[in-house]
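Shown next, in structure tokens, is the structure this report addresses.
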Amino acid sequence: MRAFFPEVKQPIGYEGPASRNPLAFKHYSAKEKVLGKTMAEHLRFAACYWHTFKGLGQDMFGLNTMRRAYCQGGDSVVVAEQTMEAAFEFFTKLGVGFWCFHDTDIAPEADTLVETNARLDRIVKLAKQLQRDTGVKLLWGTCNLFSNRRFLAGAATNPSPEVFAFAATKVKKALEITKELDGAGYVFWGGREGYDTLLNTDMGRKLDHLGRFLHMAVDYKKQIRFRGQFYIEPKPKEPTKHQYDFDAASCHAFLQRYGLEEHLKLNIEANHATLAGHTFHHELAYAAANGLLGSVDANRGDTLLGWDTDQFPTDLYDTTLAMYVILKAGGFTTGGLNFDARVRRQSIDPIDLFHAHIGAMDAFARGLKNAAALLREKRLETFVKKRYAGWDKGIGKQIEQGKVGFAELEAYTFKHGEPELQSGRQEFLENLLNEYI
Ligand code: XLS
Ligand code: CA
Ligand code: CA
């Protein structure tokens, strides 16, 4: 088979922190054990198809900047096959265990749905073979319900039932191919499920339709016996002015409102947290506190730019706190860390893709080790436990157990007077965290 990344001659290896080789891991050592599991098992890294192989540097102001060997020659179906081969060469040389895709990433849409589905079947066959040959697995699949003009006013929340039906038809196929590729999960990202102006929008009706759509997906999942985990991916805006899956908390409310909590978890993306005015840490902590932490799109935004920059994650505070929350929640089961990230427009060489992923994997490996040390030494945990110790006894315990009401609390307060206060010790804790970074 022809090599599309000839400059990387062998799989990226672990050389340790002293190495100065840009094509080596300094911290990620796949088989090394941390808290009883290998790093590969903890981190479950995935590369994404859309940015890494289909994103060629285009932005709002300019066309493609990147020229990839697998895009040359042949018609669009041949290019799709070459791209799939290049992708699996990349996954194996990099050493990620998983990948993620949208239906339209792997096969270009044809003039008719029948032909589009035939193309998908052909490329999925190749992907299945490559998965078998390499051992790389599918973390999740998804359906692109936002690029084609038919989805200009959304998919499940479109004012037209015809578009709703079209979207359902596409998701049906996307579920089938995800099952065929033995995907560990399937993601619903809202795409254009939002609005640009409320003047033309029936919000209540749209939300009902979105709830209905997801119930149909749950029913179909059962029907075809697809055992992967469903996720909703929160995002507050972009492409629409307001998206209904705004953040983890609004997705949670939506899932409860429509009786979907047991069927879907969340896929938390770092950059979407930033866009929602939250931290990545916050979104993960909210999801974990509500039993909704499923999978993670590992990237980062830029607070100086107001849009979805999808940069590779390099911030060790972010990776440490993320892994701390993930480990405390019991670690990934079906989910993983998907690099929904793209190299910058000026990073035009294929080798830049390796640098980007290697750095991100190392950043999360360090995050994992830091978080494991924090958990082993329990200093943060002990502090927090002590801060809330009042709830383990006396009046606190009685409140939690529902044994007292306002009248009893009034009597208690009259008897005890002003509460004693304790310092929150933020600076002490920030210094403590720094000891582990
Ligand atoms: C877009 C989203 C998208 C989802 C999958 O902003 O991040 O890429 O992850 O549809
Ligand atoms: Ca994403
Ligand atoms: Ca994003």
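The values are calculated or read from the model by the stated rules, or taken from the named source; none is laboratory data. Owing to the predicted nature of the structure, the values given are computational and were not obtained by experimental measurement. Heads up, the Cβs are rebuilt from the backbone with ideal geometry, glycines too, and the neighbour counts pull from every protein chain shown.
What the table shows:
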item: Qualifying residues in the stretch 251-290 (those that are touching a strand residue (DSSP E or B) at 6+ places or on another chain (Cβ under 8 Å) and of a type in the set (G, A, S)) - the one nearest to ligand 2 (Cβ to nearest atom); result: A270
item: Tally of residues being in contact with a helix residue (DSSP H, G or I) (Cβ under 7 Å, 6 or more places away or on another chain) and part of a strand (DSSP E or B) across the stretch 17-46; result: 3
item: Test: residue in the stretch 311-329 that is within 25 Å of G141 (Cβ to Cβ), more than 16 Å from ligand 2 (Cβ to nearest atom) and assigned to a helix (DSSP H, G or I); result: yes
item: Close pairs from the stretch 316-338: first hydrophobic (A, V, I, L, M, F, W, C), partner part of a loop (DSSP other than H, G, I, E, B) and away from ligand 3 (no atom under 16 Å from the Cβ), Cβ under 8 Å, at least 6 apart; result: L316/I437; I326/F332; L327/L35; F332/R44; L337/R44
item: Enumeration of residues in the stretch 132-150 that are more than 19 Å from K173 (Cα to Cα) and among the hydrophobic types (A, V, I, L, M, F, W, C); result: V136
item: Segments classed as helices (runs of 4 or more DSSP H), wholly inside the stretch 55-159, with at least 3 members that are surrounded by 14 or more Cβ atoms within 10 Å (Cβ to Cβ) and touching a Phe, Trp or Tyr at 6+ places or on another chain (Cβ under 6 Å); result: 76-94
item: Residue in the stretch 326-349 that is nearest to ligand 3 (Cβ to nearest atom), counting only those that are touching a Pro at 6+ places or on another chain (Cβ under 9 Å) and not aromatic (F, W, Y); result: A341
item: Selection from the stretch 326-341 of residues that are crowded, with 23+ Cβ neighbours inside 10 Å and not polar (S, T, N, Q); result: I326, G335, G336, L337, F339, D340, A341
item: Contacts under 8 angstrom Cβ, first residue in the stretch 35-53 being more than 28 Å from E85 (Cβ to Cβ), partner assigned to a strand (DSSP E or B), 6 or more apart; result: H42/V34
item: Top-ranked residue of the stretch 182-216 - restricted to ones that are within 16 Å of ligand 1 (Cβ to nearest atom) and of a type in the set (A, V, I, L, M, F, W, C), ranked as nearest to C48 (Cα to Cα); result: V187
item: Residue match in the stretch 181-204 (condition: surrounded by fewer than 16 Cβ atoms within 10 Å (Cβ to Cβ), closer than 26 Å to F339 by Cβ and basic (K, R)); result: no
item: Candidates L181, L214, L210, L138 - the one that is under 18 Å from the mean Cα position of the chain (by Cα) and touching a residue at least 12 places away in the same chain (Cβ under 8 Å); result: L138
item: Number of the exception - R212 against (1) basic (K, R); (2) farther than 22 Å from A165 by Cα; (3) more than 16 Å from ligand 3 (Cβ to nearest atom); result: (2)
item: Qualifying residue in the stretch 351-358 (condition: within 16 Å of ligand 1 (Cβ to nearest atom) and closer than 23 Å to G13 by Cα); result: no
item: Residue within the stretch 247-268 that is farther than 29 Å from R205 by Cβ and surrounded by 20 or more Cβ atoms within 10 Å (Cβ to Cβ) present; result: no
item: Unique match (being away from ligand 2 (no atom under 16 Å from the Cβ) and basic (K, R)) among R205, R300; result: R205
item: Any strands (runs of 3 or more DSSP E) falling wholly within the stretch 217-309 and containing at least 3 residues that are within 13 Å of ligand 3 (Cβ to nearest atom) and within 28 Å of T52 (Cα to Cα); result: 264-269
item: Positions within the stretch 156-195 being more than 26 Å from R119 (Cα to Cα), touching a strand residue (DSSP E or B) at 6+ places or on another chain (Cβ under 8 Å) and either more than 16 Å from ligand 3 (Cβ to nearest atom) or among the polar types (S, T, N, Q) (or both), in sequence order; result: T157, Y195
item: Candidate set: the stretch 281-311, residues that are of a type in the set (A, V, I, L, M, F, W, C) and at pLDDT below 95; chosen: the one surrounded by the most Cβ atoms within 10 Å (Cβ to Cβ); result: W307
